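The values are calculated or read from the model by the stated rules, or taken from the named source; none is laboratory data. All values derive from a computational prediction rather than experimental measurement. All Cβ positions, glycine included, derive from the backbone under ideal geometry; neighbour counts span all protein chains shown.
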């Protein structure tokens with residue numbers, strides 16, 4: 001790709017004239033979008049003559065001028081810089097591919113680059129963008145690549161499914177919603193079941209990608225689009241974010257009418273801004289975005305916090321797996337097993353399947369073994385269960401490990417400390433006093449601010465329940481921390 005600075009600057013000057021920017025608007029526009037500043041924060045590129053407020057005001061007027069080509073550049077839309085950047089890069093490709101160079105007049109530029117780029121009116125796949133859409137079949141009206149299994153053991157989530165659907169419908173022009181909760185709570189399963197049960201609400205299609213895959217989000221979206229729109233090929237000369245925008249236009253320009261659902265599994269807060277957000281559709285009313293995350297995201301999202309099952313639904317799940325007669329014969333033990341697992345769907349799923357395979361093993365026996373071996377028991381390990389029987393991807397300890405790895409050493413230390421305290425709600429003052437004693441015994445300084453930051457990290461990763469004055473651990477997370485204590489040989 002030719003990103004010659006002189007040619008790019010000439011291009012910006014021509015564009016500024018085409019869109020009739022005033023001199024002050026032109027100066028702000030060129031300062032912000034010159035090649036060296038495209039990856040720089042806005043506050044770091046304010047021209048010497050301008051204050052930040054004046055600079056932002058001039059850029060605001062610039063965005064309005066370009067809104068005739070992209071309606072989402074007008075009004076309170078977020079990400080206007082990225083939208084206009086993508087628009088300019090697309091126009092620049094047409095500009096250089098047309099043969100216009102520094103020796104030609106600026107009057108030649110409008111014929112090449114002044115066409116409307118609005119996704120509702122532009123043929124993105126004309127000869128200039130190297131893509132053809134003639135005779136492409138419409139997208140399938142189903143769940144596409146999800147491979148959703150018939151999950152008859154999906155219980156206790158009807159209200160959550162309905163609430164999630166309402167949340168997605170209320171989120172404005174682009175519905176960005178997140179299902180959040182601790183590892184093993186059933187976030188991915190809820191998302192897949194939502195896609196299955198509400199797929200008719202999204203006739204454009206359903207696209208499922210994962211933030212933890214070897215391929216990045218952009219590549220997954222591009223590959224998915226190519227699979228259903230042969231011979232669609234985004235312009236590979238463009239940056240990945242611009243290629244993804246071409247994919248969204250491809251989806252939206254093709255029949256049938258209606259909405260599309262983009263699902264992104266296992267999103268982490270630290271990765272969101274750089275690895276996810278640049279590839280989300282910008283201000284497109286027809287696309288809803290649904291994430292799953294073990295992090296607590298901010299108020300910019302519609303968030304559905306997912307909790308453990310209630311005791312009745314947990315027992316019902318055991319009955320579906322093991323049969324009503326087997327449960328009724330051992331009802332007290334069955335309730336105790338649900339309580340020991342603290343109603344975590346992944347734990348219930350793994351242990352019930354283990355018991356389903358070993359018909360001669362009583363619930364009392366598995367309880368005794370779990371108390372002896374904890375999360376090391378075969379029943380709690382994903383690899384000891386047949387992969388075709390349910391959708392869980394990992395065992396309980398492995399699910400928690402993904403959150404553990406996100407903690408810094410002080411956060412891990414706090415988790416280990418909490419596992420030593422009583423299995424109930426713990427006054428935060430007691431936690432602080434325990435940490436003070438620990439530091440005094442080892443003759444190291446006590447850092448209250450660091451302890452508070454660690455508390456926040458555990459809370460944000462759903463590794464700890466946190467009220468104003470008390471904290472508590474889920475039973476299985478307590479077991480997990482205790483086993484980590486053995487690994488680290490902490491005393």
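Going by the conditions given, is residue 281 modelled with pLDDT of 90 or more, touching a helix residue (DSSP H, G or I) at 6+ places or on another chain (Cβ under 6 Å), assigned by the TED database to the domain that holds residue 179 and in a loop (DSSP other than H, G, I, E, B)?
Details: modelled with pLDDT of 90 or more: no; touching a helix residue (DSSP H, G or I) at 6+ places or on another chain (Cβ under 6 Å): yes; assigned by the TED database to the domain that holds residue 179: yes; in a loop (DSSP other than H, G, I, E, B): yes.
The answer is no for residue 281.
One residue is enough: does segment 252-262 have a residue meeting the conditions crowded, with 23+ Cβ neighbours inside 10 Å and either at pLDDT below 90 or assigned by the TED database to the domain that holds residue 216 (or both)? Before the answer, list the steps.
Quick first cut of segment 252-262, residues crowded, with 23+ Cβ neighbours inside 10 Å only: 261-262.
Remaining after also requiring either at pLDDT below 90 or assigned by the TED database to the domain that holds residue 216 (or both): 261-262.
Looking for residues that are crowded, with 23+ Cβ neighbours inside 10 Å and either at pLDDT below 90 or assigned by the TED database to the domain that holds residue 216 (or both), one finds at least one in segment 252-262, hence yes.
Out of 210, 219, which single residue is touching a strand residue (DSSP E or B) at 6+ places or on another chain (Cβ under 8 Å) and free of Cβ contacts under 8 Å to residues at least 60 places away in the same chain?
From the options 210, 219, the qualifying one is 210.
So which residues in segment 1-30 are more than 18 Å from residue 87 (Cβ to Cβ) and assigned to a helix (DSSP H, G or I)?
Matches in segment 1-30: 5, 6, 23, 24, 27.
Taking segment 36-55 only, how many residues are in a helix (DSSP H, G or I) and either in contact with a strand residue (DSSP E or B) (Cβ under 8 Å, 6 or more places away or on another chain) or surrounded by 15 or more Cβ atoms within 10 Å (Cβ to Cβ) (or both)? Show your work before the answer.
Start the filter on segment 36-55 by keeping residues that are in a helix (DSSP H, G or I), which leaves 36-37, 42-44, 52-55.
Within this subset, residues satisfying the condition of being either in contact with a strand residue (DSSP E or B) (Cβ under 8 Å, 6 or more places away or on another chain) or surrounded by 15 or more Cβ atoms within 10 Å (Cβ to Cβ) (or both) are 55.
Residues flagged as in a helix (DSSP H, G or I) and either in contact with a strand residue (DSSP E or B) (Cβ under 8 Å, 6 or more places away or on another chain) or surrounded by 15 or more Cβ atoms within 10 Å (Cβ to Cβ) (or both) within segment 36-55 amount to 1.
Which helices (runs of 4 or more DSSP H) does segment 285-381 wholly contain that include 3 or more residues that are in contact with a helix residue (DSSP H, G or I) (Cβ under 8 Å, 6 or more places away or on another chain)?
311-322, 331-340, 345-357, 363-373
Do the conditions hold for residue 233, that is, is it part of a loop (DSSP other than H, G, I, E, B) and more than 11 Å from the chain's Cα centre (by Cα)?
yes
Listed here are the residues, each with its yes/no results for (1) modelled with pLDDT of 90 or more; (2) surrounded by fewer than 18 Cβ atoms within 10 Å (Cβ to Cβ).
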site: 388; (1), (2): no, yes
site: 396; (1), (2): no, no
site: 420; (1), (2): yes, yes
site: 434; (1), (2): yes, yes
site: 481; (1), (2): yes, no
site: 487; (1), (2): no, yes
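Count, please, the residues in segment 236-284 that happen to be within 19 Å of the chain's Cα centre (by Cα) and more than 26 Å from residue 297 (Cα to Cα). Walk me through how you get there before you give the answer.
Residues of segment 236-284 that are within 19 Å of the chain's Cα centre (by Cα), as a first pass: 240-241, 244-245, 247-248, 260-284.
From what is left, the residues that are more than 26 Å from residue 297 (Cα to Cα) are 247.
Final tally of qualifying residues: 1.
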